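Asks: Below you'll find the structure I mean.
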Amino acid sequence: MSRLIRGAAFFLAVALAVLASCTGKPAAPTPSPTHGSVAPSPAVSSTAGESIGSPIDVSVLTGRITFSSGTDDVWVVNANGSGLRRLTTNRHDDFDPAWSPDGTKIAFRSMRDGNNEVYVMNANGSGQHDVSRDPADDWGPAWTSSGKVLWNCARDLGFGFHGCTANPDGSGLHVIPNDVYVEYPSGSPDGTRIAFMSQQPGAHGADPNYDIFVMNVDGSGLRQLTDAPGEDGFPSWSPDGRKIAYSTTRDDCSNSKAPDCRVTGDIGPYQTIYVMNADGSGQHRLSLQMGMFVDWSPDGQYLVFSPGLQVIRPDGTGLAPIPITGTGSDAQFADWGR
């Protein structure tokens, strides 16, 4: 699948998430006894949007969450929902932000130069500058534990992406030497490994086949962690490096024949949040609430995901929204920092 098609599929997923938030609840379940394979057993059993156990008291949450309002601008809010602040006001799309390990900077994806570039700014929105600096596509910004910017870069490729790193000022560019397709990379807390989603051969359509892989930071030691139908992607390491959270379409009725499979209508597949051990074992669903773009709290006690800012514990309990108003569009691409 070309980068253009992949980009269209991405924006389709964002539209899907926004539509779900506008309707107030996901579409009703539609059993499908003839398609795909049965998804792994969930850690908890719930209907979409239902909290297992008492909802989390968001007023006690600490740290800051950066997110984008759809794909329009980057914002930051305290994890308890207070202190909302807009950081970018460019007329072009600025979105998909990620905190630096020390909480002083935010990397984000911008289209202000006419193509996808990775930018970095200070945590207050000042000092916005291009880090990737290439006419080919650059997106999926993240950070290494040593404070380098990490993203997927298309430079010198006719198809697909490498993993790239650079210093926050754009110097010291390094292309990770590996022939595998790398998208939305996530650096492990100990700085030794990179998890990422990779397009599989023959991937196509609105629910292309992606799986999650891990490699060493030098590109060696490639290992596949997931093998479900449809898309497994957007991985996020737990702060202790023992687990990886991700979103998947394996619970969509086109991929699952389980009686609790889900559909969204005609705009794309249904995404749910899963957690697995860092070696790929123990894959389990947290909730049937639709969700993408998951990230861990700095203390590892919670996860936040979109659409909106939904918070849940790693065992699937306590699902609750973090209330925010005034952004003009639903929150996407949440990233939880100190």
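Asks: Quick check on segment 78-127: of everything there that is surrounded by fewer than 23 Cβ atoms within 10 Å (Cβ to Cβ) and among the β-branched types (Val, Ile, Thr), which residue is farthest from Ser59 (Cα to Cα)?
Replies: Taking the candidates together, the pick is Thr89.
Asks: Another question, then. Of the residues that sit in segment 152-182 and are touching a residue at least 40 places away in the same chain (Cβ under 8 Å) and exposed (fewer than 14 other Cβ atoms within 10 Å of the Cβ), which one is farthest from Gln200 (Cα to Cα)?
Replies: Top of the filtered list is Asp169.
Asks: A follow-up question, please. Just wondering, is there one or more residues in segment 250-266 that are buried (at least 21 other Cβ atoms within 10 Å of the Cβ), within 30 Å of Ser100 (Cα to Cα) and within 17 Å of the chain's Cα centre (by Cα)?
Replies: Within segment 250-266 (the criterion being buried (at least 21 other Cβ atoms within 10 Å of the Cβ), within 30 Å of Ser100 (Cα to Cα) and within 17 Å of the chain's Cα centre (by Cα)), the answer is no, since none of the residues qualifies.
Asks: Are there any pairs, at least 6 apart or on different chains, whose C-beta atoms fall under 6 Å, with the first in segment 189-200 and at pLDDT 95 or above and the second exposed (fewer than 15 other Cβ atoms within 10 Å of the Cβ), and if so, which?
Replies: Once the first residue is at pLDDT 95 or above and sits in segment 189-200, its partners that are exposed (fewer than 15 other Cβ atoms within 10 Å of the Cβ) give Pro189/Pro239; Gly191/Ser146.
Asks: Can you work out which of the residues in segment 50-100 that are charged (D, E, K, R) and under 16 Å from the mean Cα position of the chain (by Cα) is nearest to Gly308 (Cα to Cα)?
Replies: Selected residue: Asp96.
Asks: Same structure, new question: I need the full set of residues from segment 122-177 which are assigned to a strand (DSSP E or B), within 21 Å of the chain's Cα centre (by Cα) and closer than 18 Å to Val74 by Cα, in order please.
Replies: Once the filter is applied, which keeps residues that are assigned to a strand (DSSP E or B), within 21 Å of the chain's Cα centre (by Cα) and closer than 18 Å to Val74 by Cα, segment 122-177 yields Asp138, Trp139, Gly140, Pro141, Ala142, Trp143, Val149, Trp151.
Asks: Which pairs have Cβ atoms under 9 Å, sit 6 or more apart or on different chains, and link a residue in segment 238-250 that is touching a residue at least 24 places away in the same chain (Cβ under 8 Å) and assigned to a loop (DSSP other than H, G, I, E, B) to one that is of a type in the set (Asp, Glu) and buried (at least 24 other Cβ atoms within 10 Å of the Cβ)?
Replies: Once the first residue is touching a residue at least 24 places away in the same chain (Cβ under 8 Å) and assigned to a loop (DSSP other than H, G, I, E, B) and sits in segment 238-250, its partners that are of a type in the set (Asp, Glu) and buried (at least 24 other Cβ atoms within 10 Å of the Cβ) give Thr249/Glu231; Thr249/Asp232; Arg250/Glu231; Arg250/Asp232.
Asks: Still on this structure: Which residue out of Val214, Val149 is in contact with a Lys or Arg (Cβ under 7 Å, 6 or more places away or on another chain) and touching a residue at least 24 places away in the same chain (Cβ under 8 Å)?
Replies: Step by step, each of Val214, Val149 is checked, and only Val214 is in contact with a Lys or Arg (Cβ under 7 Å, 6 or more places away or on another chain) and touching a residue at least 24 places away in the same chain (Cβ under 8 Å).
The values are calculated or read from the model by the stated rules, or taken from the named source; none is laboratory data. Predicted model, so just to flag it, every value in this text is computed and none were measured. We place every Cβ from the backbone using ideal geometry, glycine too, and count neighbours over all the protein chains shown.
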